[in-house]
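As structure tokens, the structure follows; a few thoughts come after it.
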Amino acid sequence: QVQLVESGGGLVQAGGSLRLACVASERTFSSRTMGWFRQAPGKERDIVASITWSVNYTYYTDSVKGRFTISRDNAKNTVYLQMNSLKPEDTAVYYCAFSPSVAATVRNAYNVWGQGTQVTVSS
């Protein structure tokens, strides 16, 4: 089974940038979906962005459109989340996840999760 390890979280001021990385333990099929989710204290774990390379499909939740960019490097088994113009409401634990489905955008379509990385945006 694929294992996922996130990195790149930290503390940043509002307006700043961070890049998260998620490395998979083995080659993930290019037709499958990799996603980023986030969970703030007391809230549900919600999708932020997803990517399915084979069909050139990306998805972004409305609140991050124009600020976040998801990308993947298949040669490195890595998916990235570039986060710009960060806001305090972006503060959360960010999770990388794998789905065997194409263009998956719902949480229950994902069956492998990383351990999470904390992102804190100060005002």
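The values are calculated or read from the model by the stated rules, or taken from the named source; none is laboratory data. The structure displayed is predicted, hence computed values, not measured ones. Quick reminder, even Gly has a Cβ in these numbers, built from the backbone with ideal geometry, and neighbours come from all protein chains shown. Side chains are part of the model used for accessible areas, which takes the heavy atoms of the whole protein and leaves out ligands, DNA and RNA. Shrake-Rupley method; radii C 1.70, N 1.55, O 1.52, S 1.80 Å.
Which count do you get for residues in the range 78-93 that are surrounded by fewer than 17 Cβ atoms within 10 Å (Cβ to Cβ), part of a loop (DSSP other than H, G, I, E, B) and of a type in the set (S, T, N, Q)?
2
Can you name the residue in the range 5-31 that is over 20 Å from residue 90 (Cα atoms) and over 16 Å from the mean Cα position of the chain (by Cα) and is also surrounded by the fewest Cβ atoms within 10 Å (Cβ to Cβ) among such residues?
26
Would you say residue 1 is open to solvent by 30 Å² or more (accessible area, probe 1.4 Å) and touching a Lys or Arg at 6+ places or on another chain (Cβ under 6 Å)?
Spelling it out, it is not the case that residue 1 is open to solvent by 30 Å² or more (accessible area, probe 1.4 Å) and touching a Lys or Arg at 6+ places or on another chain (Cβ under 6 Å).
What residue, among those in the range 32-44 that are at pLDDT 95 or above and open to solvent by less than 10 Å² (accessible area, probe 1.4 Å), is nearest to the chain's Cα centre (by Cα)?
Only one residue fits best here, namely 36.
Inside the range 45-62, can you point out the residues that are within 16 Å of residue 119 (Cα to Cα) and open to solvent by 10 Å² or more (accessible area, probe 1.4 Å)?
45, 46, 47
List pairs: first in the range 94-112 and more than 15 Å from residue 61 (Cα to Cα) and open to solvent by 30 Å² or more (accessible area, probe 1.4 Å), second part of a helix (DSSP H, G or I) and modelled with pLDDT of 95 or more, Cβ under 6 Å, 6+ apart or cross-chain?
Listed by first residue and then by second, the contacts come to 101/109.
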